[in-house]
Structures are given as structure tokens and as C-alpha cells.
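Notes follow the structure.
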Amino acid sequence: MTLTEQIKQLAAIAQKVTLATAEPFKSGVAKVFKLSSNETPLGPGENAIAAYREAGAHLEDYPEGSSLALREAIGGVFGLDPARIVCGAGSDDLLNLIARAYLTDGDEAIHTTHGFLVYPIATLGSGAKPVVAAEKAHTADVDEILAKVSERTRMVFLANPNNPTGTYVPFDEVKRLHKALPPNVLLVLDAAYAEYVRRNDYESGIELVATSDNVVMCRTFSKIHGLAALRLGWLYGPAHVVDAINRIRGPFNVNAAAMVAGIAAIEDAAHVEKACAHNDTWLVWVTDEVRKLGLTVTPSVANFVLIHFPLDKGKTSTEADAYLTKRGLVLRALNNYGLPHSLRMTIGTEEANRLVVDGLRDFLATK
């Protein structure tokens, strides 16, 4: 593939993402519930809001360039060496930095069929080739990933849990994947939704990073911490990977307001637990109620559900999306993820969740 062809392919993917996230809010309803971007319905904690407001009095100052205080706060919460942490403007920023640092023309990077769209975008942006590994039951499959490894493979992206399917790979399988990868292949574990998972066989990847030279884990403040507007993420990796990323990242890639809000958020265990408890209750409720309507829901461990619709005229996902949008209920269409017959629904407030189920019931009852 020529450079021009790569640029065109990259632009096409970016355009699909832009169109998919330009939500139709002009629905003419009194209240709109945005359930398309997996934002927490609880919002940020009071401590994070207070820290953000206080930062407003010092906007004339550049932020500290290494995010030291934030890295120390993250290290304190998770028991990690702050020197092995890098912070960025959301985990998207960090995923792109990883690709820039380790991929070049002729290289290959593997992601799964319905993996996060940033992976192929970051891969193409670095001049490398994205390689797709098939999923099974909308879940990443270790054997399928390993079957795609070639002498050109330099990176494997694994979203765990995966967005937009909500499925996960047990930690034993993640370790099996890592053990079978060549040492020159970097395994990137994207654990943006890790805090929501309540399964005994799940691990975010901290242990594997701590004991390996070719594993990186990315996390975000955008989901459970409710700081999506500030764009803040972090990664934990081997010292040599951290050094490489620090050499190419911008010196002020995290703003001061995001830093102080992030410190307050990461240390607010009570708010995190409150968000988890809310999700525990309503994830189960939404899944059960939607299934009662006769629709298929992929089992999810995150803060969203993947709802599948029939192909019958009048019952399709496209028609359901339009119907719900007119009611002010905005879900996520997934054509750009290769899931044209499905919608992703964020677990929202009690009011929002009940309205969606009622809306789907009315939609399916129409003739």
C-alpha cells in the first residue's frame, strides 16, 4: 500500500468515527439522554470538581511537564512505581504515542474484528498495516490472534474489556497470549473499563506488565471517573517503553486542570465504588429487560450493552435508532465497527434506562 493509499484509508476511518459521534440532538424533545459514548451517569466526584475549579485561578501557568504529582497519586493507589507511568490526553493519545514509537513502514499490528477503532487508525498513522484477528461470540480469541502473528508483527492491541462488545478475555488467556508472542512484539492491553469488571478471572494487566518487558497497560479517567471532557489517561509499562514514549510525547500533553482533577478522582475510592454499584444494578436490569423483549444482548462486563436487532423491515437497528432518537434517547449505531444490525447502549441513570426499555417495547410493538 502506498503512502497516498494509507492516508486515504486513514481519512476514511476517521470520517466514519466523526460521523458516528456527531449525534442528532435536534430531536425536538424536552430532555435528551446521551447513551452513546459510555460516559458515567454519576458524573465526576465532588472532590474532582472542586480541584478543577481551584485550578481555574492559575490558568496563566504552564502545567508541570511530567505529570509527576498525578503519576505519584496513581502509583500510590495501585502500588506502582511512578517512574513507570506516563500520562496523556486520554488513552487515545497514549495509544497513538505507542504506535508512533514502535511501528513503521512494513510493520504489522493486530487487533480483533470489533476492536476499538483507534487501533487501526493509530497503526495506519504510523505507516504500518492493521491486521484483523477474528473474534468468537464477539469476544477476542487468543488462538485467532496468534494465527495472525507473522515476522512483520510488532504489536498486538487487546481491549479488555472490549468496546463496543462488552466482552472480556480471562487473565489466564491473556497470559497464554503473551507467552506465545515473540519477545519483539509489544502487547498493548487497553483496560479503559477495568474498574467495572466484577469477575474473579479478570485482571487489568498490572501484574503482567510488572513481570514482562513487552507488555503495556493503558487506562483512562474518561469512564468511571467522569473526566471525559478533560481528556486524561495513563499507561503503565516497562522502563524502556516509558522512556521511548517520553521522548516523543509533547512536554505539556496533560493540562493542569486535568492533573489536579485526576489526582482527586483517583484517590476518591468512595465515588468509584458508588459508580460500580450503580452499574452492577442497572447492567443486569437492562440486560434482562431487553432480553424479555425478544432481543439478543451480548453479555457485558462493562458499563454498556450491545443490543442486536432482527433484519425484518420495521424492526431493524437503523429504524430502532431513529425511533429512540425521536424520543431523545441517543444510542450508538455501529456500522463503522462491522455491526450494522446492533446498537450500543450506555448504562445511564435509572430514568434513562427505564425510558430506553419502554421505548424499545413500543418500537417492537409497532406495525
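The values are calculated or read from the model by the stated rules, or taken from the named source; none is laboratory data. Keep in mind it's a predicted model, so treat the numbers as computed, not measured. Every residue, glycine among them, receives a Cβ derived from its backbone with ideal geometry; neighbour counts consider all protein chains shown. When the accessible area is computed, the model is the full protein with side chains, heavy atoms only, and any ligands, DNA or RNA have been set aside. Shrake-Rupley method; radii C 1.70, N 1.55, O 1.52, S 1.80 Å.
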### Message
Quick check for me: using +1 on Lys/Arg Cβ and -1 on Asp/Glu Cβ, what's the dipole size of the chain about its Cα centre, in debye to the nearest 20?
### Response
1120
### Task
Take the solvent-accessible surface of the protein heavy atoms, probe 1.4 Å, and return the percent of it on the chain that carbon and sulfur atoms account for.
54
### Task
Project the alpha carbons of region 90-216 onto their principal axes and report the range along each, largest first, in whole Å.
40, 28, 27
### Task
Any chance you could run the full-extension gain for residue 201 through residue 246? It's 0.36 nm times the residue separation minus the Cα-Cα distance, nm to one decimal.
12.9 nm
### Message
Between residue 134 and residue 210, what is the label-point separation in nm under the 7 Å Cα-to-beta-carbon projection?
### Response
3.8
### Query
How would 169, 77 rank on accessible area, largest to smallest, probe 1.4 Å?
77, 169
## Note on the structure
region 138-156 scanned against label point 7 Å out from residue 179 along Cα→C-beta; backbone N under 17 Å for 142-147
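Going down the list 223/292; 292/313; 34/315; 292/315; 136/292, which pairs span over 18 Å between their C-alpha atoms?
223/292; 292/313; 34/315; 136/292
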### Task
List the residues of region 176-216 whose backbone N lies under 20 Å from a point placed 7 Å from the Cα of residue 143 along the Cα-to-Cβ direction.
176-182
### Query
How much net charge surrounds residue 225 when only the other residues with a Cβ under 14 Å from the Cβ of residue 225 are counted, with Lys and Arg +1 and Asp and Glu -1?
-2
### Query
How much net charge surrounds residue 294 when only other residues with a Cβ under 11 Å from its Cβ are counted (Lys, Arg +1; Asp, Glu -1)?
+4
### Message
Using amide H atoms built in the peptide plane, which far-off residues or other-chain residues are under 5 Å from residue 156 H to H?
### Response
110, 186, 187, 188
### Message
Heavy atoms of the protein only, probe of 1.4 Å, neighbouring chains included. What is the accessible area of residue 278 in Å², nearest 10?
### Response
40
### Task
Could you rank 154, 247 by how accessible they are, 1.4 Å probe, largest area first?
247, 154
### Message
So with the 1.4 Å probe, I'd like the accessible area per residue for the chain, rounded to whole Å².
### Response
44
### Task
Find the relative contact order for region 195-331 and round it to a whole percent, using C-alpha pairs within less than 8 Å whose residues are 6+ positions apart.
17
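Give me the number: length gained by fully extending residue 172 to residue 72, i.e. 0.36 nm times residue separation minus the C-alpha to C-alpha distance, one decimal in nm.
33.1 nm is the gain from fully extending residue 172 to residue 72.
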#### Entry: Separation between Cα centres of region 265-299 and region 155-232, rounded to whole Å
20
### Task
Using just the helices of the chain, give the 222 nm mean residue ellipticity in deg cm²/dmol: DSSP H runs with n ≥ 4 each add -39,500 (n - 2.57), and the total is spread over all residues, rounded to 500.
-13000 deg cm²/dmol
### Interchain or long-range residues, amide H under 5 Å from residue 296's placed H
308
### Message
Assuming 0.36 nm per residue, please report the length gained on full extension of the stretch residue 351 to residue 319 beyond their Cα-Cα distance.
### Response
9.3 nm
### Query
Say a paramagnetic label sat at a point 7 Å from the Cα of residue 61, along Cα to Cβ; which residues of region 254-271 have their backbone N under 12 Å from it?
256-257, 260
### Task
Restrict the search to region 29-137; then list the chymotrypsin sites (Phe, Trp or Tyr not before Pro) that DSSP places in a loop and that have at most 10 other Cβ atoms within 10 Å of their Cβ.
none
### Query
If you put +1 on each Lys and Arg Cβ and -1 on each Asp and Glu Cβ, how big is the dipole of region 297-367 around its Cα centre, in Debye rounded to 20?
140
### Message
Using the Cα centre of the chain as origin and beta-carbon charges of +1 (Lys, Arg) and -1 (Asp, Glu), tell me which of 115, 320, 221 is placed farthest towards the positive end of the dipole.
### Response
320
### Query
Can you give the net charge of the other residues whose Cβ lies under 10 Å from the Cβ of residue 155, counting K and R as +1 and D and E as -1?
-1
